[in-house]
Amino acid sequence: KNLAQAVALANSGAESEHSDLGKVEQKRLKGYNDKIASLLSHQFSQAHTGMSREVQEAAHSLADKLVRSQAEHDTHCEKVQLSEQLKKAGDADGAQRCKCRLSQKPKNHAVVAAVLLMHAEREHGTTHQFQEVATLLQGDAQSRDVSMADVGKIEKLVKELLSLGAIRREVDGGFGKYPCAAEPGFKLKDGETAAGDARGSTMTQHKSLLPNLCGRLQLHYMIQRRASQILDGWGSEGIRTLRPQTVAAAAVHFAYEEKKGVLFSSEAGQAPPSLDLGRLAKQAGVEKGTILRAMTELPVPPPEEQQQAGPSRAVLE
């Protein structure tokens with residue numbers, strides 16, 4: 001009864017309290033908060049895992065922080081902006097490839113709510129394990145197939161958004177919080193360090209892999225040249241620490257996608273070799289999934305140094 005009263009009171013002031021959020025964000029926040037209340041009054045209470053009022057309030061506060069972090073990320077993330085441009089231009093594949101992993105919005109609000117409760121518990125010295133949470137969630141009609149891995153995946157996403165949302169980075173006189181939104185030369189505040197940042201690297205080791213990789217794949221030299229330019233740009237901008245083989249393979253894939261239109265038009269009647277991602281991964285000595293993940297984490301490829309005749313240049317600019 002007390003819990004129901006607390007939820008009702010919280011909801012009564014929610015509209016005015018979150019009036020600065022957009023309608024989509026308000027709806028998502030309400031979905032998270034409703035599921036938090038539902039889990040507390042049903043699954044968690046039936047499992048005799050009662051939570052203190054402090055934990056309940058902390059979970060609702062974290063929901064607000066999460067939605068605000070999601071909104072701020074999507075406003076400033078370069079990958080999100082590029083993905084939207086490609087989608088409007090009719091390039092669905094390109095839009096999907098440029099999608100930023102931090103822009104994901106899990107459809108199952110119950111899992112997000114459970115993860116927020118986990119984080120709230122940790123703030124107060126207790127916690128549930130992933131498997132426990134997955135088992136409790138199976139009592140929710142929309143979550144009967146949720147696994148421990150599903151909970152872990154969403155927990156990682158939520159944790160990253162919550163932590164990044166609390167960081168202040170100086171970017172061109174303003175403040176940005178997300179690595180994918182930072183401009184070249186951004187400065188970290190208060191002695192912060194960007195873990196795994198490879199800014200200023202010459203990418204020599206990465207570029208040394210290109211001749212053999214492109215040769216084994218029988219790729220046109222302009223693809224190797226463009227991949228080298230991409231690596232130079234990433235080295236100047238700064239990237240997270242990834243294996244050189246993975247970064248080189250990602251650069252080759254981006255270069256191929258940019259140049260295949262030029263190759264078709266410049267070599268009439270001779271189609272360029274098909275760049276199968278599995279074959280690329282095999283020749284690079286890494287897993288296919290590793291390359292796919294890297295392409296979502298690496299910066300958008302820098303503009304080409306020379307005039308590009310490819311049909312996608314207007315879109316990329």
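Taking region 131-158 as the range and being under 23 Å from V67 (Cα atoms), open to solvent by less than 60 Å² (accessible area, probe 1.4 Å) and part of a helix (DSSP H, G or I) as the test, the residues that pass are V133, A134, L137, S143, V151, G152, I154, E155, L157, V158.
Going through region 88-103 one residue at a time, which ones are open to solvent by 50 Å² or more (accessible area, probe 1.4 Å) and either of a type in the set (A, V, I, L, M, F, W, C) or without any contact (Cβ under 8 Å) to a residue 24 or more places away in the chain (or both)? So that I can check it myself, show each step before the final result.
Step one: list which residues in region 88-103 are open to solvent by 50 Å² or more (accessible area, probe 1.4 Å), which gives 88-93, 96-97, 99, 101.
K88, A89, G90, A92, D93, Q96, listed by residue number.
Name the residues in region 13-25 that are modelled with pLDDT of 80 or more and either more than 23 Å from the chain's Cα centre (by Cα) or open to solvent by 60 Å² or more (accessible area, probe 1.4 Å) (or both), would you? Working first, answer last.
In the first step, residues of region 13-25 are kept if they are modelled with pLDDT of 80 or more; the result is 21-25.
Within region 13-25, K23, V24 qualify.
Please state which one of A10, A58 is modelled with pLDDT of 90 or more and within 23 Å of R122 (Cβ to Cβ). Let's see the steps before the verdict.
Numbers: A10 fails: modelled with pLDDT of 90 or more.
Just one listed residue meets the conditions, A58.
Out of all the residues in region 259-291, which are among the hydrophobic types (A, V, I, L, M, F, W, C), open to solvent by 10 Å² or more (accessible area, probe 1.4 Å), modelled with pLDDT under 85 and assigned to a helix (DSSP H, G or I)?
Taking region 259-291 and keeping what is among the hydrophobic types (A, V, I, L, M, F, W, C), we get 262-264, 268, 271, 275, 277, 280-281, 284, 286, 291.
Remaining after also requiring open to solvent by 10 Å² or more (accessible area, probe 1.4 Å): 262, 264, 268, 271, 275, 277, 284, 286.
Of the ones still in play, those that are also modelled with pLDDT under 85 are 262, 264, 268, 271, 275.
Selection gives V262, F264.
State whether the residues of region 105-117 include one that is over 18 Å from L21 (Cβ atoms) and open to solvent by 60 Å² or more (accessible area, probe 1.4 Å). Yes, the conditions are met somewhere in region 105-117. Could you tell me how many of the residues in region 229-258 are under 17 Å from V300 (Cα atoms), outside any loop (DSSP other than H, G, I, E, B) and open to solvent by 30 Å² or more (accessible area, probe 1.4 Å)? Here the count works out to 4. Being part of a helix (DSSP H, G or I) and either open to solvent by 80 Å² or more (accessible area, probe 1.4 Å) or over 26 Å from S38 (Cα atoms) (or both) holds for only one residue in Q85, Q70, Q56, and it is Q85.
For R216, state whether it is surrounded by fewer than 18 Cβ atoms within 10 Å (Cβ to Cβ), modelled with pLDDT under 85 and among the basic types (K, R). Answer is no for this residue. Considering only residues in region 61-103 that are farther than 23 Å from Q26 by Cβ and among the hydrophobic types (A, V, I, L, M, F, W, C), the one that is modelled with the lowest pLDDT turns out to be C98.
The values are calculated or read from the model by the stated rules, or taken from the named source; none is laboratory data. These numbers were taken from a predicted model, which means no experiment stands behind them. FYI the Cβ positions are ideal-geometry reconstructions off the backbone, even for glycines, and counts take in every protein chain you see. Areas reflect the complete protein model, heavy atoms only, side chains present, ligands, DNA and RNA absent. Shrake-Rupley method; radii C 1.70, N 1.55, O 1.52, S 1.80 Å.
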